[in-house]
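The values are calculated or read from the model by the stated rules, or taken from the named source; none is laboratory data. Quick caveat: nothing in here was measured; it's all calculated off a predicted structure. Note that each Cβ is placed from the backbone with ideal geometry, even for glycine, and that neighbours are counted across all protein chains shown. Heavy atoms of the whole protein, side chains included, go into the accessibility calculation; ligands, DNA and RNA do not. Shrake-Rupley method; radii C 1.70, N 1.55, O 1.52, S 1.80 Å.
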Amino acid sequence: MARADIEDVAFHPAERAVLARLSTHERILHSSLLWTAKESILKAAGTGLNISPELLWCEISGASVTLVAAPDLGLLRPPRVTVRRIGEHHVCAVAHNMDAVTTFSWLPTGSSPENLEEQR
């Protein structure tokens with residue numbers, strides 16, 4: 001995200017205002033979380049990037065992202081998005097219904113299944 005110049009096409013004006021107030025490190029992390037969450041929401045809606053991510057307005061609070069506003073995505077109700085940092089340079093997001101319990105599992109590079117890390 002530090003090298004990607006996508007803010008004008010991926011982020012809602014309200015999100016860009018928040019990003020402008022952050023330190024460089026926080027801005028990179030926040031951008032990564034927003035982008036990953038938006039991609040997850042659009043995949044859950046079945047539209048993918050046929051809908052501009054800039055049209056979605058999301059807010060980050062702890063380990064979840066809230067979809068504040070979006071065009072009609074055909075969703076019965078907005079998904080909840082749970083995000084996790086996985087290591088220093090990776091972020092994962094899952095869009096799910098409000099009642100779902102999410103579990104993130106991953107294998108760090110060079111690991112074997114016996115060393116599976118898990119975060120709830």
### Dipole moment magnitude, nearest 20 debye, segment 1-50 about Cα centre, only Lys, Arg, Asp, Glu C-beta charged
80
### Query
Stretch S23-S61 to full length: gain in nm at 0.36 nm per residue minus the Cα-Cα span?
11.9 nm
### Task
Return the FRET efficiency for the residue pair I6, N50: r is the Cβ-Cβ distance, R0 is 22 Å, and the value is rounded to the nearest 0.05.
0.85
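Take the solvent-accessible surface of the protein heavy atoms, probe 1.4 Å, and return the percent of it on segment 1-73 that carbon and sulfur atoms account for. Don't skip to the end; give the middle numbers.
On the way: 2110 of 4060 Å².
Carbon and sulfur: 52 percent of the exposed surface of segment 1-73.
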